[in-house]
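Reviewing the structure listed below.
The values are calculated or read from the model by the stated rules, or taken from the named source; none is laboratory data. In this text, all values refer to a predicted model and were calculated from it rather than measured experimentally. Here Cβ is always computed from backbone atoms with ideal geometry, including for glycine, and neighbour counts include all displayed protein chains.
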Amino acid sequence: KKRVFSGIQPTGNIHLGNYLGAIRNWVGAQDQYDNIFCIVDLHAITLPINAKELHQNTRKLAALYLACGLDTRYCNLFVQSHVHEHAEMSWIMNCYTPMGWLNRMTQFKTKADENPESVNTGLYCYPVLMACDILLYQTHYVPVGDDQRQHVEITRDIAQRFNSLYKKRVFTLPEAQIRDTGARIMSLENPSKKMSKSDPNPASRINLLDEPKVIKQKIARATTDSLRLVAFDPERPGITNLLTIYQMLTGQPEQEIEAEFAGKGYGDFKAALTDRLVATLEPIQRRYNEYINDMVSLEGILKQGADRVRPQATATLNRVKEVIGLG
Ligand code: AQP
């Protein structure tokens, strides 16, 4: 089977963008691949984060992975810092990554602009660590949202450069798997920005653990426009974003959705969308509560995941060290 690797930072509330752009796709295809899903806590410390919060978020994210349907029969779930090869390999690959490549990374520029007082070298080297996450496991596919396209590209560039420098196929070249629909769910407040955990406005996103009352309020407040026409239209990103979410939850084609709401207002559509969201998230929240209240089992799953993936990470790291003359 082909190998899949992906991850999420335990930096805050996991939202609908993470679910529709990433986790749901992982779940849908898990039986076709050899899957590795990581909680990337080393990435999470590139911006200031409280220690207790980081520890709790890591467990919460593991419980959410399972609650969303990731199954340990098909997937290894683990915490990045539990496999120290990621950090070691990252230092080595920093020395093989031209600064010019990192200077072009748009996510660094955005995050550095948003957090000018706390920009550190780790944030700058974030793409190299992400490349190592992927390359350590000889990954074939990286299922991610559209915002990660550039990071998978640089991963390929780093791998290709290393392979050709040493004239050896040390790394498998990974490919991004990005869906056509839902790969970029937008902020509810400002539909020109992507929905994100780090947005300071909580009303900009639906968290997977939001209660029905909160979902209703957020959808009611979501930005639309004054045209009051429920139709997909790139000129009207607010309603189009909500329609895309509805389409992903119902699986209906665009025309069918537009026909369903022809002659109706935004209020009717938002009520239907709220119902769908609540119906989708309610079972996830129920399962989440079961997992998070059984910490012993959860820690066991994470330990087992790390133990299972470590041999592959060690093998790749040892190969890299051998090729470059370390050790
Ligand atoms: N809005 C989104 N639409 C679709 N997919 C998304 N992803 C993130 N946002 C969207 C995908 O979720 C996975 C995890 O990404 P992440 O941990 O970087 O999550 P985030 O919400 O992007 O987190 P941050 O901390 O708020 O980061 P920034 O500031 O970059 O937005 C990835 O597969 C991602 O594509």
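Exactly one of (1) part of a loop (DSSP other than H, G, I, E, B); (2) more than 18 Å from the chain's Cα centre (by Cα); (3) at pLDDT 95 or above is unmet by ARG184. Its number?
Answer for ARG184: the failing condition is (2).
What is the number of the single condition among (1) within 9 Å of the ligand (Cβ to nearest atom); (2) assigned by TED's automatic domain parsing to the domain that holds MET105 that ASP157 does not meet?
(1)
Listed here are the residues, each with its yes/no results for (1) crowded, with 16+ Cβ neighbours inside 10 Å; (2) at pLDDT 95 or above; (3) within 15 Å of the ligand (Cβ to nearest atom); (4) small (Gly, Ala, Ser).
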site	(1), (2), (3), (4)
LEU208	yes, yes, yes, no
PRO212	no, yes, no, no
SER226	no, no, no, yes
PRO253	no, yes, no, no
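Among residues belonging to region 122-134 that are in contact with a strand residue (DSSP E or B) (Cβ under 9 Å, 6 or more places away or on another chain) and not β-branched (Val, Ile, Thr), point out the one that is nearest to the ligand (Cβ to nearest atom).
At the first step, the residues of region 122-134 found to be in contact with a strand residue (DSSP E or B) (Cβ under 9 Å, 6 or more places away or on another chain) are 130, 133-134.
Right, trim to not β-branched (Val, Ile, Thr) and you get 130, 133.
Numbers: MET130: 10, ASP133: 12 Å.
Only one residue tops the list, namely MET130.
Of all the residues that make up region 122-172, how many are touching a residue at least 12 places away in the same chain (Cβ under 8 Å), farther than 20 Å from VAL27 by Cα and in a loop (DSSP other than H, G, I, E, B)?
Selection size over region 122-172: 5.
Which condition does PRO143 not pass, out of (1) crowded, with 18+ Cβ neighbours inside 10 Å; (2) within 26 Å of VAL323 (Cβ to Cβ), if it passes all the others?
Condition not satisfied by PRO143: (2).
Going through GLY263, GLY327 one at a time, which residue ends up being at pLDDT below 95 and either within 23 Å of ASP34 (Cα to Cα) or in contact with a helix residue (DSSP H, G or I) (Cβ under 7 Å, 6 or more places away or on another chain) (or both)?
Exactly one of GLY263, GLY327 is at pLDDT below 95 and either within 23 Å of ASP34 (Cα to Cα) or in contact with a helix residue (DSSP H, G or I) (Cβ under 7 Å, 6 or more places away or on another chain) (or both), namely GLY327.
Across region 267-288, which residue is nearest to the chain's Cα centre (by Cα) among those that are free of Cβ contacts under 8 Å to residues at least 40 places away in the same chain and surrounded by 13 or more Cβ atoms within 10 Å (Cβ to Cβ)?
Filtering region 267-288 for residues that are free of Cβ contacts under 8 Å to residues at least 40 places away in the same chain and surrounded by 13 or more Cβ atoms within 10 Å (Cβ to Cβ), the one nearest to the chain's Cα centre (by Cα) comes out as THR280.
Any idea which residue in region 101-121 is farthest from the ligand (Cβ to nearest atom), counting only those that are over 17 Å from PRO48 (Cβ atoms) and assigned to a loop (DSSP other than H, G, I, E, B)?
So, considering only residues that are over 17 Å from PRO48 (Cβ atoms) and assigned to a loop (DSSP other than H, G, I, E, B), the one farthest from the ligand (Cβ to nearest atom) is ARG104.
Run down VAL144, VAL152 and say which single residue is within 25 Å of THR97 (Cα to Cα), within 11 Å of the ligand (Cβ to nearest atom) and either among the acidic types (Asp, Glu) or in contact with a Pro (Cβ under 8 Å, 6 or more places away or on another chain) (or both).
One residue alone meets the criteria, VAL152.
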